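Structure, as structure tokens:
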Amino acid sequence: MNIQELQQEVIEYSKTIGIDKIGFTSPAPFTELKNRLLRQQELQYQSGFEEPDIEKRVRPDLIFDKPQSIIAIAVAYPSKMKVRVVSKKGERRGIFCRASWGQDYHHILRKKLKMLEEYIASKVPEAKFKSMVDTGELVDRAVAERAGIGWSGKNCSIITPEFGSYVYLGEMITNLPFEPDSPIEDQCGTCTKCLDACPTGALVQGGQLNSQRCIAFLTQTKGFLPEEFREKIGNRLYGCDSCQTACPMNKGKDFHFHEETEPDSEIAKPLLKPILHINNRDFKEKFGPVSGSWRGKKPIQRNAVIALAHYKDESAVPDLIKVMQEDPRPVLRGTAAWSLAKIGGPEAKMALDHALGLEKDEEVLAEIKTGLSRISQ
């Protein structure tokens, strides 16, 4: 087997199956990353969605027997909708982040990695693989950075010269000794636009993120959202693109290479009021194919309630009253009370007064009382 020839064949094949960029790196431990992860742990900046064992995140040899190299891939996704829908009075809309516009990227990349595995195995039957996308042990961005896919920007995203940071990442550990590529030089320079654009100050400094303050993380939580973040979320239903849209490297970057990454605008930017009352079956049918649905409908519904307050949408008051009075989940009832107080008006105040005498949950009661104190001012 000529490994250089095989590597070139793999590169050429990857282009035919919709992999927009491919790179190779060694399976050596990610020593510098380990220090950063330990610091994140010490500061309690993790999201809690990560692999908890830091050693597994930085040592490929702990998750794969005798690894020889890692293949990193990137697939570009659009930053603009071909079919635009407009949020207007009485028909306000929420927004999913761009990474969740098309079909679930986990499925898209896993399919491409599987095809890559099968291709390599057809050439080298004894080849072994372990592929992962996002939910695996390794840190996708660290692998991609070392494999020359792009550099790690101050916004903690991989930025490629070709596609900006609008790329999905995945990787494959293998027992084949492919030749490693060289990392790309950091091109952020003195720019701090992403840090300046972060609504909650989650980007502590270039390359350091406090996930607990990141809107992308907060939109995925299921409990009551701390009040300091409610105003910041705006109309976001899932994820946040502020640090990406502010990045000069993303200016003019919009690629529509893959049908499966194209957004359905009614899903990517849906009407808010119908979300409040959607049942499990309809939610799964409408939003199930996108990655933003992975935490279920509760966070999306809570965020929709907050978004209606952001718009001060008076037409939503009856819907919010129904949620406050009838929803079995305290988080939805309490958030609806907060939203009604933000929108204000006699109907909202009357509903809050009425709910005060009926509600039993202490957290919801606290939201109602706070709302009444504000609406009376």
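The values are calculated or read from the model by the stated rules, or taken from the named source; none is laboratory data. Quick caveat: nothing in here was measured; it's all calculated off a predicted structure. Counting neighbours? That spans all protein chains shown, and the Cβs are built from the backbone with ideal geometry, glycine included.
Numbers for the structure displayed
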| item | result |
| --- | --- |
| Residues of segment 50-84 satisfying the condition of being under 19 Å from the mean Cα position of the chain (by Cα) and touching a residue at least 12 places away in the same chain (Cβ under 8 Å) | Glu51, Ile73, Ala74, Val75, Ala76, Tyr77, Pro78, Ser79, Lys80, Met81 |
| Flag for Val85 being more than 27 Å from Leu276 (Cα to Cα) and in contact with a helix residue (DSSP H, G or I) (Cβ under 9 Å, 6 or more places away or on another chain) | no |
| Residue that is touching a helix residue (DSSP H, G or I) at 6+ places or on another chain (Cβ under 6 Å) and loosely packed, with under 15 Cβ neighbours inside 10 Å, where the choices are Pro29, Pro52 | Pro29 |
| Tally, over segment 260-298, of residues that are assigned to a loop (DSSP other than H, G, I, E, B) and either small (Gly, Ala, Ser) or closer than 23 Å to Lys322 by Cα (or both) | 7 |
| Qualifying position, being closer than 17 Å to Cys97 by Cβ, surrounded by 18 or more Cβ atoms within 10 Å (Cβ to Cβ), in contact with a Ser or Thr (Cβ under 7 Å, 6 or more places away or on another chain) and of a type in the set (A, V, I, L, M), among Ile300, Ile215, Ile275 | Ile215 |
| Residue match in segment 324-333 (condition: modelled with pLDDT of 95 or more, over 30 Å from Asp264 (Cβ atoms) and in contact with a Pro (Cβ under 7 Å, 6 or more places away or on another chain)) | no |
| Matching residues, segment 1-10, being surrounded by 11 or more Cβ atoms within 10 Å (Cβ to Cβ) and more than 17 Å from Ala121 (Cβ to Cβ) | Gln8 |
| Matching residues in segment 339-377 - criterion: being in contact (Cβ under 8 Å) with a residue 12 or more places away in the chain and of a type in the set (S, T, N, Q) | Ser339, Thr370, Ser376 |
| Of residues in segment 85-99 being of a type outside the set (Lys, Arg) and within 15 Å of the chain's Cα centre (by Cα), the one nearest to Lys114 (Cα to Cα) | Ala99 |
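Let's see how each residue does on (1) of a type in the set (A, V, I, L, M); (2) over 19 Å from Glu231 (Cβ atoms); (3) surrounded by fewer than 18 Cβ atoms within 10 Å (Cβ to Cβ):
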residue	(1), (2), (3)
Ala309	yes, no, no
Glu326	no, yes, yes
Trp338	no, no, no
Val364	yes, yes, no
